[in-house]
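Please read the structure below before turning to the comments.
Throughout, read-outs are computed from the coordinates displayed, never taken from laboratory work. If you're wondering where the values come from, they're calculated on a predicted model, not measured in any experiment. Positions of Cβ are generated from backbone atoms using ideal geometry, with glycine treated the same way; all protein chains shown enter the neighbour counts.
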Amino acid sequence: MFNSAEHYDRHVGRYNAELARALISFAGVRPGQRALDVGCGPGALTRELATLLGQDHVAAVDPSPPFAEACRARLPGVDVRLASAEELPFADATFDHALAQLVVNFMADAPAGVTEMRRVTRPGGHVSAATWDYAGEMTFIRRFFDAASAIDPRAAAVDEGVTMRYCKPDELHDLLESIGLVDIAVSSAVSHAVYANFDDLWEPITGGIGPSGVYVRSLDEQAQRVLKDAYRALLGVGDRPFELTARAWLACGVVPPA
């Protein structure tokens, strides 16, 4: 039985603290403000917000019970609730900032989710989002699907660089603009992760986290071995430590006066 929080931490979660700091800086979060982390997962962005603002100035939501429980256990002073972005359990204009890190592309209804983020953010406050550059420089996922697609044409149907919405700067901008935010800014950030060896990268993928993990677990053992070898060859890594980078797109808009 895989622990989803632990496997997430070792999967894409390795990059998230550095990305969280970049998103917080880009959004202009300052001490004394209140912030909401929408789709908090195990709590990488939540932790960085709490470090800056204090746990009592931070709230977080996630629709996954294991993720919400993990975030609550790690940050007991934060108001962590089990909820989706589309139905945030907070009153209007509660927060100075609502942030969604690596979430809008997984929302069931992204326009409804960011509309809710706007609703709970005060006029003059900021709504911000970050998504990976799956089609380009999110290296470990991009190379994974490059390897998978070269072996199995069916992999293209789950390639996040093809299937995910809101993972390009213009799409993120248009999403925030479509729900009435103003003064929208778009930027990028690069995060880094160090791996002890290729198996340190590969093993968390087999935990079934995200589309790449789901795809791996749909394969039989022989197909997994073939993919593993092709992926390792494409990355050009082996038994020694190595570092990979991951680019994300960032967007932030201001809630206009009522």
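Side notes on the structure shown:
- Dipole-positive endmost among Ala246, Phe144, Ala233 within the chain (Cβ charges, Cα centre): Ala246
- Phi angles of the range 36-44 translate, via the Karplus equation with coefficients 6.51, -1.76, 1.60 and θ = phi - 60°, into HN-Hα couplings of 10, 9, 9, x, 6, x, x, x, 5 Hz per residue; Gly and Pro are given as x.
- Cα pair distances of the range 98-185 binned at 10 Å [whole percent]: 17, 43, 24, 13, 3, 0
- 3J(HN,Hα) from dihedral phi, the range 55-62, Karplus parametrisation 6.51/-1.76/1.60, rounded to Hz, x for glycine, proline: 4, 6, 9, 10, 10, 8, 9, 7
- Taking Cα centre as origin and charging only the Cβ of basic (Lys, Arg, +1) and acidic (Asp, Glu, -1) residues, the dipole magnitude of the range 55-178 rounds to 220 debye.
- Where the Cα pairs of the range 1-102 fall when distances are cut into 5 Å bins, in %: 2, 14, 27, 26, 20, 8, 2, 1, 0
- Each distinct pair of alpha carbons in the chain adds a 1/r term; the inverse of their mean, the Kirkwood radius, is 18.6 Å.
- Modelled FRET efficiency - R0 35 Å, Ala135 with Glu87, Cβ distances, 0.05 increments: 0.70
- Among Asp37, Asp199, a tally of other beta-carbon atoms within 10 Å of each Cβ gives an order, fewest to most, of Asp199, Asp37.
- For the range 181-188, the Karplus equation 6.51 cos²θ - 1.76 cosθ + 1.60, evaluated at θ = phi - 60°, returns couplings of 6, 10, 6, 6, 10, 10, 8, 9 Hz by residue, with Gly and Pro reported as x.
- Bridges between two residues of the chain, per DSSP, are antiparallel at a rate of about 55%.
- Using only side-chain charges placed at the Cβ, +1 for Lys and Arg and -1 for Asp and Glu, the dipole size of the range 4-254 relative to its Cα centre rounds to 320 debye.
- Placing unit charges on the Cβ atoms of the charged side chains and taking the dipole of the chain about its Cα centre, the candidate lying farthest along the positive direction among Ala59, Val162, Ser178 is Ala59.
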